[in-house]
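Engineer: Sharing a structure, written as structure tokens. Questions coming.
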Amino acid sequence: MSEATIEVPKQDLVKRLMSEGAELASALVGQVPASYVKTAIHPTTLKRWIRIGIKLPNGKRVKLESFRKSNRYYTSLPALERFFARQTAACEEAESPATAEPIETPKRRESAAKKDVEDVRRNHRLA
């Protein structure tokens with residue numbers, strides 16, 4: 001099964017990132033909120049988000065917008081904000097009650113099976 005990737009058109013990407021104040025990706029490490037640890041994320045994390053991206057609940061991937069210059073990645077703070085916003089929107093969409101299906105647990109399966117057996121007995125009784 002092939003994974004789809006959410007891509008941004010490359011036409012004006014460099015121009016847009018430059019107008020937003022593009023910096024070396026490693027320079028923006030301090031701008032990213034730390035998740036589980038109280039220190040900043042590692043610079044290779046940003047490179048991974050640029051190259052591989054993050055897999056979303058719907059199976060697609062979202063990548064951090066960037067461009068390369070002299071073997072270095074450049075991105076901007078607004079690009080990071082868009083990256084996080086895309087993840088948040090996709091996760092909220094996946095978690096919405098309208099699309100969420102109840103989780104089938106062993107106890108629920110057993111209850112459903114008992115109910116089915118009772119229905120069969122009740123409907124197939126010989127009079």
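The values are calculated or read from the model by the stated rules, or taken from the named source; none is laboratory data. As the structure is a computational prediction, the values presented were derived from the model and not from experiment. Every residue, glycine as well, gets a Cβ built from its backbone with ideal geometry; the counts of neighbours run over all protein chains shown.
Engineer: Where residues in the stretch 19-69 are of a type in the set (Phe, Trp, Tyr) and either surrounded by 12 or more Cβ atoms within 10 Å (Cβ to Cβ) or touching a residue at least 60 places away in the same chain (Cβ under 8 Å) (or both), which of them is nearest to Gln87 (Cα to Cα)?
Structural biologist: Trp49
Engineer: Just to be sure I understand, how many residues within the stretch 90-113 are closer than 26 Å to Ala34 by Cβ and at pLDDT 85 or above?
Structural biologist: Here the count works out to 0.
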